[in-house]
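Chemist: Just dropping this structure here.
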Amino acid sequence: MDIQVKENFLLQAAALHRTNPTVDAHLDLAGEVLLRHLAGEKEVVRRHYLTDFRKAGIRLVVSSVFVETGNLERGWQNALDQIAALKEDIRNLEDVALIESKEDLDRLLEGDGIGILLYMEGLDCIGEDIDRLNELFELGVRGASLTWSRPDALATGCCKAAEHKQIPGPLTQAGIRAVKRLEELSMFLDVSHLNDEGFEDLCRVAERSFIATHSGSRRIFDSYRNLTDEQMGCLAAQGGIMGMNGCQCIAGSLLGNHLEMLCRHIEYETAKLGADHVGYGFDLCDSYDQASAALKGQPHITRNDCLLNHGQVPLVTAALLQRGMDEESLKKIIGGNFLGYFGRILPDR
């Protein structure tokens, strides 16, 4: 049975989200926008997301550019198409802007708009051509993970979330060069899909802070998509943040105890690392999956997310309050930590 949140904690959480900017550190938004554009839809962000973003007080969304396995042969073009589609979709939205620099982030927080930060979820599409990172930077991309849950020319991904097996493989020499170029460009590095051997290598070669945009604790739920205690410690020691993943098969809530499992991950991570290194990175995929199925003319009825939509994000905060977490910690977790990190890592204009 899942947590039943009392009304007073719901009101307290709603007030927190009204007065403190919230961040979702991972959403496959660019890919979904492209899928819906291909199906003839327009104004995807406005129609499908803005109301729920506003309801949750979300001020910054980290949008992945994710090339599906079936698109790898034309991966570079698919990535460019996703970036172009998202830019086109928000072009006429006065209260939504692409965040490319520290100044952009400062300006965003001075007002009441919503920012979108682009990053690559896997760099399969560049092969070993590290100079393409410069091209992505010029297009407004501000971060990357070396790989998704598959091997590429830079690194080896962990297994898919529904699988449970250790996949070996170090960072390649091209992967190490990619890490150095990302750091030179002030682009952030995400380790959420990296395998354990690659993570260990990265801890040795990285000179700037890296993050896990959408990973939980492997101690709470034994998935290779989650981080071990040792990995969590390494992440925190160099100033990183881990964003709690809201997919059922990664949170471990396939029995329906969605809030319970999200809270357990966040509470454990906070106890181990302190509140300064924990955030929200929900990776809500149901809307993307619906768009993909619709484009193929297929029905989509499977629910994979712990939350129905972003409007329910304050429900997680309310559950944490009810279980005894203090407001000051939650101000950091719901957004303060990731905003601080991006304020440090993003380039100057």
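Yes or no, residue by residue, for (1) surrounded by fewer than 22 Cβ atoms within 10 Å (Cβ to Cβ); (2) more than 30 Å from CYS203 (Cα to Cα); (3) in contact with a helix residue (DSSP H, G or I) (Cβ under 9 Å, 6 or more places away or on another chain):
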residue: ILE241; (1), (2), (3): no, no, yes
residue: LEU254; (1), (2), (3): yes, yes, yes
residue: LEU262; (1), (2), (3): no, no, yes
residue: ILE266; (1), (2), (3): no, no, yes
residue: THR270; (1), (2), (3): yes, no, yes
residue: GLY297; (1), (2), (3): yes, yes, no
residue: LEU308; (1), (2), (3): yes, yes, yes
residue: GLY311; (1), (2), (3): yes, yes, yes
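Chemist: Within the range 177-204, restricting attention to residues that are assigned to a helix (DSSP H, G or I) and farther than 27 Å from GLU138 by Cα, which residue is farthest from the chain's Cα centre (by Cα)?
Modeler: Per the criteria, the residue is ARG204.
Chemist: From the set of residues in the range 61-88 that are farther than 15 Å from LEU123 by Cβ and β-branched (Val, Ile, Thr), which is farthest from the chain's Cα centre (by Cα)?
Modeler: The residue in question is VAL61.
Chemist: Let me ask something additional. Please go through the range 222-267 and give me each residue that is farther than 18 Å from GLY279 by Cβ and outside any helix (DSSP H, G or I), ordered by number.
Modeler: ASP222, SER223, TYR224, THR228, GLY252, SER253, LEU254, LEU255, GLY256, ASN257
Chemist: Test ALA79 against the criterion of being surrounded by fewer than 19 Cβ atoms within 10 Å (Cβ to Cβ), at pLDDT 95 or above and assigned to a helix (DSSP H, G or I), and give yes or no. Even if it seems obvious, please write down each step before you answer.
Modeler: Values: surrounded by fewer than 19 Cβ atoms within 10 Å (Cβ to Cβ): no; at pLDDT 95 or above: yes; assigned to a helix (DSSP H, G or I): yes.
No.
Chemist: Another question about this same structure. Select from the range 272-295 the residues that are assigned to a loop (DSSP other than H, G, I, E, B) and small (Gly, Ala, Ser) and write down the one among them that is surrounded by the most Cβ atoms within 10 Å (Cβ to Cβ).
Modeler: Pass one, the range 272-295, residues assigned to a loop (DSSP other than H, G, I, E, B): 274, 281-285.
With small (Gly, Ala, Ser) added as a condition, the list becomes 274, 281.
Working: GLY274: 12, GLY281: 25.
It comes out as GLY281.
Chemist: Looking only at residues in the range 29-48 that are touching a strand residue (DSSP E or B) at 6+ places or on another chain (Cβ under 9 Å) and surrounded by fewer than 23 Cβ atoms within 10 Å (Cβ to Cβ), which one is nearest to ASP124 (Cα to Cα)?
Modeler: VAL45
Chemist: Another one. Could you check ASP129 against (1) more than 23 Å from CYS234 (Cβ to Cβ); (2) surrounded by 22 or more Cβ atoms within 10 Å (Cβ to Cβ) and say which number it fails?
Modeler: Here ASP129 meets the rest and fails (2).
Chemist: While we're on this one: When the range 319-349 is examined, which residues are found to be assigned to a helix (DSSP H, G or I) and small (Gly, Ala, Ser)?
Modeler: Scanning the range 319-349 gives ALA319, SER329, GLY335, GLY336, GLY340, GLY343.
Chemist: Has the range 296-314 got any residue that is under 23 Å from TRP148 (Cβ atoms), within 15 Å of the chain's Cα centre (by Cα), assigned to a helix (DSSP H, G or I) and touching a residue at least 40 places away in the same chain (Cβ under 8 Å)?
Modeler: Yes; the residues of the range 296-314 include at least one that is under 23 Å from TRP148 (Cβ atoms), within 15 Å of the chain's Cα centre (by Cα), assigned to a helix (DSSP H, G or I) and touching a residue at least 40 places away in the same chain (Cβ under 8 Å).
Chemist: Can you tell which of ALA271, ALA251 is without any contact (Cβ under 8 Å) to a residue 24 or more places away in the chain and under 25 Å from MET325 (Cα atoms)?
Modeler: Checking each option against the conditions leaves just ALA271.
Chemist: Name the pairs whose Cβ atoms lie under 6 Å apart, with the first residue in the range 53-74 and more than 17 Å from TYR119 (Cα to Cα) and without any contact (Cβ under 8 Å) to a residue 24 or more places away in the chain, the second of a type outside the set (A, V, I, L, M, F, W, C) and assigned to a helix (DSSP H, G or I), and 6 or more positions between them or separate chains?
Modeler: Cβ pairs passing all conditions: ASN71/ASN78.
The values are calculated or read from the model by the stated rules, or taken from the named source; none is laboratory data. No experiment lies behind these values; they were computed from the predicted model shown. For neighbour counting, all protein chains shown are included, and Cβ atoms are generated from backbone atoms with ideal geometry for every residue, glycine included.
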